[in-house]
Each structure stands twice: as structure tokens, then as C-alpha cells.
Amino acid sequence: MKIKEVLSALERFAPLPLQEDWDNAGLQIGLTETEASGALLCLDVNEDIVDEAIAKGCNIIVSHHPLLFRGLKCISGADYVQRSVIKAIKHDICIVSMHTNMDNARGGVNFKIAEKIGLDDVRFFAAKADEDAGSGVVGVLPSPMNARDFIMLVKKAFGVECAMCNELLQRPVRKVAICGGAGDFLLPQAISEGADAFITGEMHYHVYFGNEQKIQICVIGHYQSEQFTSEIFKSIISEACSQLPVYQAETSTNPIIYL
């Protein structure tokens with residue numbers, strides 16, 4: 001099985017045209033005609049991830065966030081991106097990233113978040129015109145919850161010690177809007193959608209103001225919100241390339257520590 005078959009399976013699920021125009025999803029490094037030995041799945045790529053791929057005998061790394069976001073004018077090992085590129089090329093490792101195309105795809109990142117908290121009737125909001133795709137999803141809890149219990153549910157599902165929230169909503173939470181990663185640009189549309197709560201990974205400080213009792217904001221961290229994306233990758237690759245060894249990375253790439 002060639003690497004290009006793995007890449008094709010991923011792109012059938014989340015076609016590259018679904019990515020935002022500022023993004024750089026898709027093939028990052030490597031030759032796709034090479035025989036695949038195994039795939040390591042992760043959120044971010046750094047030197048430790050490349051080392052883990054080498055140790056596991058994988059010549060494919062599939063990440064959510066692109067390693068190469070902007071063009072490199074020099075590859076000298078001056079930063080972690082350059083060092084990761086050098087190490088991947090030296091060890092014949094192909095790197096593929098499925099970023100905003102996976103965010104925007106049906107069954108993608110936001111659907112996985114909805115699954116983890118048990119939402120029903122999940123659908124796109126902020127849908128892309130003429131496409132079965134969108135930047136966020138909305139769904140309903142099986143039964144209404146008070147705001148504090150809802151936040152505790154989210155914290156438990158994503159293993160977070162702290163969620164950043166606005167004033168606790170005084171009405172029950174039933175309808176929930178979601179945008180993994182940095183999603184505060186969708187907050188006005190979540191409110192217009194009639195959502196009781198909005199889950200995202202990060203949000204600018206001033207966006208919290210002025211929405212008291214309109215919607216329950218629940219911000220759980222960028223890494224934390226997207227941590228289960230590798231489960232999507234595993235499902236796609238295991239179904240299309242059943243003989244290929246597939247591993248979810250053991251290395252945490254979250255650059256933020258909590259003290």
C-alpha cells in the first residue's frame with residue numbers, strides 16, 4: 001500500500017477545497033509513491049512526534065495542525081519547525097495535515113466534540129454555501145441541564161481542570177453550539193441560532209462581555225477541544241487501509257502548562 005492511498009482516504013472524507021483560504025492543509029512533506037509502513041496520528045507535529053514515528057516504524061504522520069503554515073525561506077534548524085522538517089526528510093517520513101478541511105467536514109472535529117458530550121440531532125450552522133460543510137455544529141442534549149452541571153459534563157468529557165465561562169446562565173441548557181479550536185468568530189451566529197451554550201477552545205477576552213444571560217460560554221482550551229481528532233483519522237485510515245498499522249500519538253504536544 002502506498003502513502004498516496006492513505007492520503008486519498010483522508011481527502012475523500014475531508015476534501016481539501018473545504019479548507020479556509022488562509023490554511024495550508026494536505027501534503028506537507030514526503031513522497032506519496034512510497035510504500036506505507038505505518039501511520040502516527042496527532043494534533044501537532046514537533047521533533048518529539050517525529051521521534052515517536054521513527055520509534056514505531058511509521059513513515060506517515062497525520063496531524064490536525066499543519067507543520068508548514070507559512071513558506072520556509074531557510075531550513076537551518078533554527079526553530080522546531082525547521083528541525084522537524086530536517087528530521088522527517090532524513091528518515092523518509094511523510095507528513096500530512098488535515099486542518100480546517102477536517103474542521104468543516106461532516107463527521108469532522110466539531111461532530112467529534114458533539115459526540116463526546118452526547119448531543120443529538122447534530123447539524124451544521126454557519127454552513128458553507130452549496131456545500132455539506134460548515135465552521136460549526138449545533139445539537140441538543142438528551143435532556144435539559146442547569147449551566148453548572150453542563151459545564152461539569154464538558155470538563156469531565158474533555159479532561160480539563162478548568163473551563164473559562166461567562167456568568168452562569170439562569171435558564172436550562174439544551175441547545176449547544178460548538179466550534180473546536182479558536183471559535184469566537186462564531187459566537188454571534190451561535191446566539192442567532194438560539195443556542196443556550198457555546199463550546200470552543202479559545203476566545204478573546206473582550207468577546208466575553210455583553211452576552212450575560214444570552215448564552216453560556218464554555219472555553220476549554222484549544223488543544224483540549226481538538227484532542228480527539230486523531231480518533232477520526234484512525235477510523236478513516238483503519239476502514240480504507242485495514243492492513244496498515246495505525247497509532248494515536250502518546251506524545252502530548254500541548255505547549256501550555258497549568259500550574
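The values are calculated or read from the model by the stated rules, or taken from the named source; none is laboratory data. Keep in mind the model is a prediction, meaning the values are calculated, not measured. Neighbour counts run over all protein chains shown; Cβ positions are idealised from the backbone, glycine included. Protein only, heavy atoms only, side chains kept; ligands, DNA and RNA dropped before computing areas. Shrake-Rupley method; radii C 1.70, N 1.55, O 1.52, S 1.80 Å.
Results, tabulated for the structure shown:
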read-out	value
Alpha-carbon centroid distance for the pair segment 16-45 / segment 118-137, whole angstrom	24 Å
With every protein chain in place, the chain: carbon and sulfur % of accessible area (1.4 Å)	52 percent
In Å², nearest 10: area of residue 116 left accessible to a 1.4 Å probe	60 Å²
Counting all C-alpha pairs of segment 113-167, share separated by more than 16 Å (%)	53 percent
Estimated inter-spin distance, residue 92 and residue 51, nm [label 7 Å along Cα→Cβ]	2.3 nm
Sum of side-chain charges, residue 200 neighbourhood, beta-carbon under 12 Å (Lys, Arg +1; Asp, Glu -1)	-4
Principal-axis tilt of helix 80-90 within the chain, Cα atoms, nearest 10 degrees	40 degrees
Gain upon complete extension [residue 149, residue 72; 0.36 nm per residue less C-alpha separation]	23.1 nm
Entries in 112/155; 56/234; 155/214; 175/234 that, when Cα-Cα distance is taken, lie over 19 Å	155/214; 175/234
Highest-MSF residue in the chain out of 51, 132, 79 [GNM, Cα springs under 10 Å]	79
Percent RCO, i.e. relative contact order, over the chain, from Cα pairs under 8 Å lying at least 6 residues apart	21 percent
Among 103-109, 189-195, 119-125, the order from most to least packed when residues are scored by Cβ within 10 Å on average	103-109, 189-195, 119-125
Long-range HN-HN contacts of residue 94 with modeled amide H, under 5 Å	60, 61
Cα centre as origin, Lys/Arg/Asp/Glu Cβ charges: the chain dipole, Debye	200 debye
Chain lengthening between residue 231 and residue 191 when straightened (0.36 nm per residue, less Cα-Cα)	11.4 nm
Phi to ³J(HN,Hα) by Karplus 6.51 cos²θ - 1.76 cosθ + 1.60 over segment 129-140, Hz, x for Gly, Pro	4, 6, 9, 7, 7, x, 7, x, 10, 9, x, 10
Ordering of 234-245, 66-77, 170-181 by packing [mean C-beta count within 10 Å, highest first]	170-181, 234-245, 66-77
Given charges at Cβ of Lys, Arg, Asp, Glu: segment 3-152 dipole, positive-most of 113, 17, 66	66
Segment 41-93 - charge dipole about Cα centre, Lys and Arg +1 at Cβ, Asp and Glu -1, debye rounded to 20	240 debye
Length added when fully stretched, residue 214-residue 248, from 0.36 nm per residue minus Cα-Cα	8.4 nm
Where only C-alpha atoms are counted, convex hull volume of segment 150-259 per residue in Å³	132 Å³
Accessible area of the chain divided out per residue, in Å², using a probe of 1.4 angstrom	47 Å²
Estimated 222 nm signal from helices in the chain, with DSSP H stretches of n ≥ 4 weighted -39500 (n - 2.57), rounded to 500	-8500 deg cm²/dmol
Cross-link reach list, aspartates and glutamates versus residue 90, counting only Cα pairs under 12 Å and skipping chain neighbours closer than eight places	51
Most to least accessible of 99, 206, 222 (protein chains only, probe 1.4 Å)	206, 222, 99
Long-range amide H partners of residue 133 with built H, under 5 Å	128
